[in-house]
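The block underneath contains the structure these notes are about, expressed in structure tokens.
What follows is calculated from the coordinates using simple rules that are stated; it is not laboratory data. Here the structure is a predicted model, which is why all the values come from computation and not from measurement. Reconstructed Cβ throughout: ideal geometry from the backbone, glycine too, with neighbour counts over all protein chains shown.
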Amino acid sequence: SAMTDTGDSSSSEPSTIPDLLLALQEVDTEADQLAHRREKSPLRDDLASATAAMREWETQRASMRSRIDELGTSLEQAEARGAELSSHRRRLEQQMKTVIAPREAEALMHEMTTIGAQIDELDLHELESLEEQSRIDDQLAAHLRDEDQHRRRLRQADDALAAEVGDIDAELAALTSSRATLRAQLSDALLATYDRKRAALGVAVARLVGKQCQGCHLELSAAEIDTVKDEAAETGVTDCPDCGRLLIA
């Protein structure tokens, strides 16, 4: 806890107003530290990193599968187009057998040559597509072998954070109960002052040790100490003239 020098308030139930305020501040400070630890846990970074790695893995898997599908569609289209061209070339070859005129024969030969070039181009395209498809299939197989590792890392990071958060929440619940018990013993007016100072300063209560306020660590003058002692004579509590915290004198 950030509070120190709380006397015997930790070993027995606080009963005086100063002891109650110090105990309340200690509980609230511990709750603040726990909430900060819960929010800023390094385990959150671990989970974020594991989540990002899992998403990247899934993105790469989807990309490879999409490319394999694209290549499959392209191959089907190329095969269909190749079948059309081959059928057309066979018709031209049959037609060639009945042609007598040299000009007509030349035109048919030119068309068959063009179709032959298109078929060769399609064959090359199919071969390149099949090679790329095979290469990506191998990459995907290797990629899929990493899935269990990524999912295990993500699950472990998630479980570790959940366990830590569960422990912190249990501690916070216990502190909430202690806080309610302490606040029930203080007046509404004093609680309003405490809450206002805590909101503004973080730590609302400090002890006067010797001449020094333990909140702002400034030394009070002899006159200020006399004033503080007089003001705190009845309740044991006043305000620090320097930082404004509730001062236990």
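Listing for the model above:
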read-out	value
Stretch gain in nm, segment GLU106-GLU76, where the contour uses 0.36 nm per residue and the Cα spacing is subtracted	7.5 nm
Distance between modelled label sites at ALA180 and ALA83, nm, 7 Å Cα→Cβ extension	7.6
Cβ crowding within 10 Å averaged over residues, with 117-125, 94-102 ranked highest first	117-125, 94-102
Spin-label zone in the range 19-46 - amide nitrogen under 19 Å from a point set 7 Å from the Cα of ALA162 along the C-beta vector	38-39, 41-46
Viscosity 0.890 mPa s, 25 °C: Kirkwood-radius Stokes-Einstein D of the range 102-172 over Cα pairs, µm²/s	137
Spin-label proximity, THR59 to the range 143-165 - amide N less than 13 Å from point 7 Å beyond Cα toward beta carbon	none
Contour excess over end-to-end distance, with Cα ends at LYS211 and GLU171 and 0.36 nm allotted per residue	10.8 nm
Equivalent ellipsoid dimensions for the range 151-192 as semi-axes, Å, which come from the Cα gyration tensor, largest first	38, 8, 4
Residue among SER87, THR51, LEU21 farthest towards the positive dipole end of the range 1-150, charges placed on Cβ	SER87
Quotient of C-alpha Rg and 2.2 N^0.38 Å, computed over the range 21-162	2.23
